[in-house]
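Read the structure below first, then the notes.
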């Protein structure tokens, strides 16, 4: 099993503050992810160290850009990145994970249970269905990573943000301009380059 020291070395490029307990739970999460990945397609990455940098480090990076608190909606959670990973280092964060694939939802629930995450809502709706069924809900933060159709999703997602809320996207730098130009009611921060990446960024928009 990977050591605490090695986990901290791998996360160093992301300048992340994480407790020993958080590191221990991260190691358990990685172990579960790799074991489940042999049976269902959760991630294309099968190496523990690469999982820590590519999945956890990139997710945790958002905590350096924003004060993360309140209610977070994660669209297309997959194996839990970034939404469930962020709850690992910010336990008080309330998290709703949207994941339409039932086997992936089972994984998210198992990680939440085994890692002692506390209450986590795992919702089986696709975002377009959620947007119709849950029109009265609003969120402090909405995240989405490694899903397609950002351009069409952004405008709808913005309508679910509380005043001053943030929409946070992990995407290729080539997509940034089209998203910024195609959205209304959001004020965009400069894209944050993801460490160890050639052309991927985190793009944060704020509800005005």
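The values are calculated or read from the model by the stated rules, or taken from the named source; none is laboratory data. Every value quoted in this text rests on a predicted model; they were computed, and no experiment measured them. Note: ideal-geometry Cβ built from the backbone for every residue, glycine included; neighbour counts use all protein chains shown.
Against the list (1) surrounded by fewer than 14 Cβ atoms within 10 Å (Cβ to Cβ); (2) at pLDDT 95 or above; (3) more than 30 Å from residue 34 (Cβ to Cβ), the condition residue 167 fails is (1). The criterion of at least 2 residues that are closer than 17 Å to residue 83 by Cβ and in contact with a helix residue (DSSP H, G or I) (Cβ under 9 Å, 6 or more places away or on another chain) is met by the following strands (runs of 3 or more DSSP E) wholly inside the range 118-196: 121-123, 139-145, 161-172.
Given the condition part of a strand (DSSP E or B) and either in contact with a strand residue (DSSP E or B) (Cβ under 7 Å, 6 or more places away or on another chain) or farther than 16 Å from residue 147 by Cβ (or both), answer yes or no: does some residue in the range 27-44 qualify? So far as the range 27-44 goes, no, none of its residues is part of a strand (DSSP E or B) and either in contact with a strand residue (DSSP E or B) (Cβ under 7 Å, 6 or more places away or on another chain) or farther than 16 Å from residue 147 by Cβ (or both). Within the range 181-196, the set of residues being farther than 13 Å from residue 62 by Cα, surrounded by 12 or more Cβ atoms within 10 Å (Cβ to Cβ) and in contact (Cβ under 8 Å) with a residue 24 or more places away in the chain comprises 182, 183, 185, 186, 196. Looking at this structure, is residue 137 in contact (Cβ under 8 Å) with a residue 12 or more places away in the chain, under 29 Å from residue 106 (Cβ atoms) and crowded, with 19+ Cβ neighbours inside 10 Å? For residue 137, the condition - in contact (Cβ under 8 Å) with a residue 12 or more places away in the chain, under 29 Å from residue 106 (Cβ atoms) and crowded, with 19+ Cβ neighbours inside 10 Å - is not met.
Working only within the range 9-26, note down all residues that are within 18 Å of residue 87 (Cα to Cα), over 18 Å from the mean Cα position of the chain (by Cα) and in a helix (DSSP H, G or I). Result: 20, 21, 24. None of 49, 67 is out of contact with any helix residue (DSSP H, G or I) (no Cβ under 9 Å at 6 or more places or on another chain) and on the phi < 0 side of the Ramachandran plot except 67. Please go through the range 64-102 and pick out each residue that is free of Cβ contacts under 8 Å to residues at least 60 places away in the same chain, buried (at least 20 other Cβ atoms within 10 Å of the Cβ) and part of a helix (DSSP H, G or I). 84, 85, 86, 87 - these are the residues of the range 64-102 that are free of Cβ contacts under 8 Å to residues at least 60 places away in the same chain, buried (at least 20 other Cβ atoms within 10 Å of the Cβ) and part of a helix (DSSP H, G or I).
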